[in-house]
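Undergrad: Quick one: the structure is below, and I'll ask about it shortly.
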Amino acid sequence: MVALGLGIALCRRLAVRDMRRTSRFEDAFTLGLIGLIIASGFFLEGAKMVSPAAFDRMAADYFPAPDEAGMTALRAYWATDYGMVFPVESMPREAFTPENLDTGREISEMSCAPCHSPPASAFVSAPLSRLFAPAGAGLVDALWWLHVLACLFALAWLPFGKLFHILSTPVGLMLRGLDPGEAAARPDASAPLARAVGLDACTHCGICSRHCSVLPAFLALHTPEILPSEKLLTMRRLAGKSGKLTPAALAAFSEGGFVCTECMRCTVVCPSRINLQDLWLVSKREAARLGHPELSVRLRRFGPEVWERLARRKRPVDRTLAASPSLLDNPETFAQCVQCSVCTGVCPIFRLPDIPAAEVDVSPHQLMNLVRMGLAGHALSANFLWNCTTCYKCQEHCPQGIRVADVLYELRNLAHAKVEEAARAGLLDGMGTPSPDQGDVP
Ligand code: SF4
Ligand code: SF4
Ligand code: SF4
Ligand code: SF4
């Protein structure tokens, strides 16, 4: 079974490239602990195979009234067939006669074979026993203690490490059922107990991260918390005893949380059937509660006057855009716009019946015009910029082929880069207004 499990794990690792993009110390530690249990078990069995003391204990239990000749015959047979290494004084060379071996085989088949497997079935321990006989025979006690202590340590560590999923995954499945869609729809699917069990049920297999819709964002930004498997671990730390993250870890957690598109792919593919969708909603609420709301919420705190000043600052080089030419800097981007307002007409945001007027303060065609006229400050302060769903309808329908949605994306990135750069320069305080200590943003 162990060999089968190792084979499956190895095939999975080799066949599925990039199965897991990050590994932690705990992953290596868990593998090491399991490896120690397996290796010490194999070595212990190997040592027992060549241990005369183990043989004597077994013979006393199952061959209770042996005569000396019978014991010698049995020893000779086991030494020949099982590779047992007896001290020379108890097994002289002349004991290995064909008659003795036949007698030993009969006794063994009568008393030992019914519950003792042939050495060939121990296909790992038997070769090991040949390797370290006769010295291995003296290691039986030490190997027994090593094996038992490793098993006990693994049991004691079970509630604190990733192996806890052995218990929590079945409990989670009982709570949520096998169908993730059904799980999400159930009224109790969001219960705190189900969430707590879900956090512990993760095996860190990485399947969700392989299928994550925003994997390209991780490849560009390298923030591990963008990957669902890593975000879940951070959530577990946050829900843990101390419940504290460093400011940098909190910022990464928030970035990972709000990059998520809530596409639900991770929930559908998770083999532990964790309701990840529900956990992501909770994680976003928690990030906001801890002072790291969605980027757009933070950026909207700036008033138009701040954006006007920021827009005048030298444009920072944004790490995600550095490799691609800027649409905003190219006059050709907007040259063909005839202000027909088709882009605004097809925009689903402008069709929402109850949307407050302040949220649609500037329309897509007006935004294109503002940027064309060099009024990026006005464009950056528009609430609508952050309400756009990036559905690309405007771009698809524009009769002039203007890349409307791409421009909106670039404006968002520009706003973020400018705020980050100004914050790094100490020009903004934590609330998103010009710092009184720093004076005006130049
Ligand atoms: S959340 Fe599910 S799919 Fe993702 S790493 Fe954990 S067990 Fe694997
Ligand atoms: S719901 Fe979020 S974390 Fe899950 S696959 Fe979609 S984008 Fe990735
Ligand atoms: S961007 Fe296209 S659709 Fe929008 S106003 Fe200009 S030409 Fe019309
Ligand atoms: S991409 Fe944004 S601006 Fe364009 S149609 Fe969709 S929501 Fe409206």
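FYI, it's all coordinate maths here, none of it is from the lab. Remember, it's a predicted structure, so these values are computed and weren't measured experimentally. Cβ atoms come from the backbone with ideal geometry, glycine included; neighbour counts cover every protein chain shown.
Undergrad: Compute the orientation-averaged projected area for region 298-424 from the convex hull of its Cα atoms and round it to one decimal in nm².
TA: Reported value for the Cα convex hull: 7.7 nm².
Undergrad: Figure the gain on full extension for VAL2 and ALA248 (residue separation times 0.36 nm, minus the Cα-Cα span) and round it to one decimal in nm.
TA: 84.4 nm
Undergrad: In addition: If the cut-off is 25 Å between C-alpha atoms, which lysines fall inside it for LYS244, apart from same-chain ones fewer than 8 positions away?
TA: LYS162, LYS231, LYS284
Undergrad: Right, here's the next one. For a footprinting-style exposure proxy, rank ILE274, ILE166, ILE349 by other Cβ within 10 Å, fewest first.
TA: ILE166, ILE349, ILE274
Undergrad: Within the set of other residues whose C-beta is less than 13 Å from the C-beta of LEU143, count the net charge using Lys and Arg as +1 and Asp and Glu as -1.
TA: Residues close to LEU143 contribute a combined charge of -1.
Undergrad: Further, regarding this structure: If you wrap a convex hull around the alpha carbons of region 162-293, what volume per residue comes out, as a whole number of Å³?
TA: Spelled out: Cα convex hull of region 162-293, divided by residues, is 99 Å³.
Undergrad: Stretch ARG312-ALA69 to full length: gain in nm at 0.36 nm per residue minus the Cα-Cα span?
TA: Extra length available between ARG312 and ALA69 comes to 77.1 nm.
Undergrad: Please compute the modelled spin-label separation between ALA15 and CYS391, points set 7 Å along Cα→Cβ, answer in nm with one decimal.
TA: 4.1 nm
Undergrad: Nearest 20 debye, what's the magnitude of the dipole of region 25-157 about its Cα centre given +1 on Lys and Arg Cβ and -1 on Asp and Glu Cβ?
TA: 280 debye
Undergrad: Using alpha carbon centroids, what distance separates region 392-422 and region 360-390, in Å?
TA: Distance between centres, Cα-based: 9 Å.
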